[in-house]
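Participant: A single structure is presented below for examination.
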Amino acid sequence: MLIHSRDKGFIHPHSSEITPRSVYEGRRDMLKLLASGVAGAAMASWAARDALAQAAAPGKLPALKGAKSAVPGAQTMEKLTDYKDATSYNNFYEFGTDKADPARNAGTLKTRPWTVEVEGLVKKPGKYDIEDLIKLSAQEERIYRLRCVEGWSMVIPWVGYSLAELIKRVEPQGNAKYVEFVTLADPKTMPFVGSRVLDWPYTEGLRMDEAMHPLTLLTFGMYGEVLPNQNGAPVRVVVPWKYGFKSGKSIVKIRFVEKEPGTAWNKAAAQEYGFYSNVNPNVDHPRWSQATERRIGDGGGLFAKRHKTQMFNGYEPQVGQLYAGMDLKKFY
Ligand code: MTE
């Protein structure tokens, strides 16, 4: 993602070659936090070990199996990304801006007890304990591509059920046009909340028909186990036809609203990240092309063979109709 330095208004590319000032500042913030005891050094090293253990291989976390999904488009024949790559190359800015930070730092995240509040324009608002939310509908395994706006992608066997299952139960009112996702922002357990990289909490949103689309997955697990902390435990959304930043991690509120909600990256850099953020090889990011992608795990680093990015990340037959007649350059 881009790092937006608020004080000077610079927009920086975030890549392995360039370490922007706000990242340095962020790292400094983190060191200060660690030194100040907000997250003590002992806890940090315990957390890092725990997270790295999680990163090594499946088999360490509780199982969460899902039946093979019958939803068209929920499977792909592509080779799965290695668990190690999927759990050690992450974006989860609450734990740091470097790809390796979430695996190192997210061991501090407390995923139990956990409640998700459903509020706003619904007939049946309520607080769901995470265990009840997991049991609300049958778990399915879905192999989706995750395409990040930064130009890389992975293929992951997610476990969850269509968000539509929950939405139908809470009965949205007629004026509920959008769904907003609010994620945890706990400075005690998330060392980067408090840095100026983004406005916390990280929020995201979908139009109601996008949220109701069967491919939109309320996700509790991956690779047959519960989500590792760095991948958004205990519950995240995965919207496979949109750039990865639309899939908020560690969700605490699902809010039904009438107006298009603000979203974390749109607030940080509106001209670069729109509300829709559909994967689209024909609409470039203002400063780089979106036509190709690098598959994590292919090897070769920056010189790896690039794959052609597909419209709507390959899910056009399933979701293209949602955007019929819309100018996707305008609604990027
Ligand atoms: N959710 C929260 N709360 N905070 C974040 O920084 N990053 C997003 C998204 N969800 C992010 C988040 C981005 S930019 C991407 S690409 C995906 O999570 C990455 O998911 P992964 O680490 O499981 O691959």
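Participant: Which FRET efficiency, nearest 0.05, do residue 306 and residue 331 yield, Cβ-Cβ r, R0 25 Å?
Facilitator: Working from the Cβ atoms, E equals 0.40.
Participant: My understanding is that a pair violates if its Cα-Cα distance is over 29 Å; which of 65/330; 65/99; 110/330; 99/246 do that in this structure?
Facilitator: Among 65/330; 65/99; 110/330; 99/246, the Cα-Cα distance tops 29 Å for 65/330; 110/330.
Participant: Just the number: Rg to Rh for the stretch 15-323, Cα atoms, Kirkwood Rh, two decimals.
Facilitator: Rounded to two decimals, Rg/Rh equals 0.94.
Participant: Taking only the alpha-carbon positions of the stretch 102-163 and ignoring solvent, what does the Debye formula give for the base-10 log of I(q)/I(0) at q = 0.20, 0.21, 0.24 Å⁻¹?
Facilitator: Debye curve over Cα of the stretch 102-163, log10 I(q)/I(0) at q = 0.20, 0.21, 0.24 Å⁻¹: -1.08, -1.09, -1.07.
Participant: With +1 on each Lys and Arg Cβ and -1 on each Asp and Glu Cβ, how big is the dipole of the stretch 15-323 about its Cα centre, in debye rounded to the nearest 20?
Facilitator: Once rounded to the nearest 20, the dipole reads 260 debye.
Participant: Let me ask something additional. What list of ³J(HN,Hα) couplings, whole Hz, do you get for the stretch 240-249 from phi and the Karplus terms 6.51, -1.76, 1.60, once you set θ to phi - 60° and write x for glycine and proline?
Facilitator: Rounded to whole hertz, the list is x, 9, 10, 4, x, 5, 6, 9, x, 9.
Participant: Here is a follow-up. Exceeding 24 Å between C-alpha atoms, which entries from my cross-link table qualify? They are 123/249; 123/259; 253/308; 79/242.
Facilitator: 123/249; 253/308
Participant: Among 139-152, 290-303, how do they line up by average Cβ neighbours within 10 Å per residue, starting with the highest?
Facilitator: Descending mean neighbour count gives 139-152, 290-303.
Participant: Multiplying the sequence separation of residue 119 and residue 316 by 0.36 nm and subtracting their Cα-Cα distance, what value in nm do you get?
Facilitator: 67.8 nm
No value in this document is a laboratory result; all are computed from the given coordinates. Just so it is clear, the model here is predicted, and its values are computed rather than measured. Methodologically, a virtual Cβ is constructed for each residue, glycine included, from the backbone with ideal geometry; neighbour enumeration extends over all protein chains shown.
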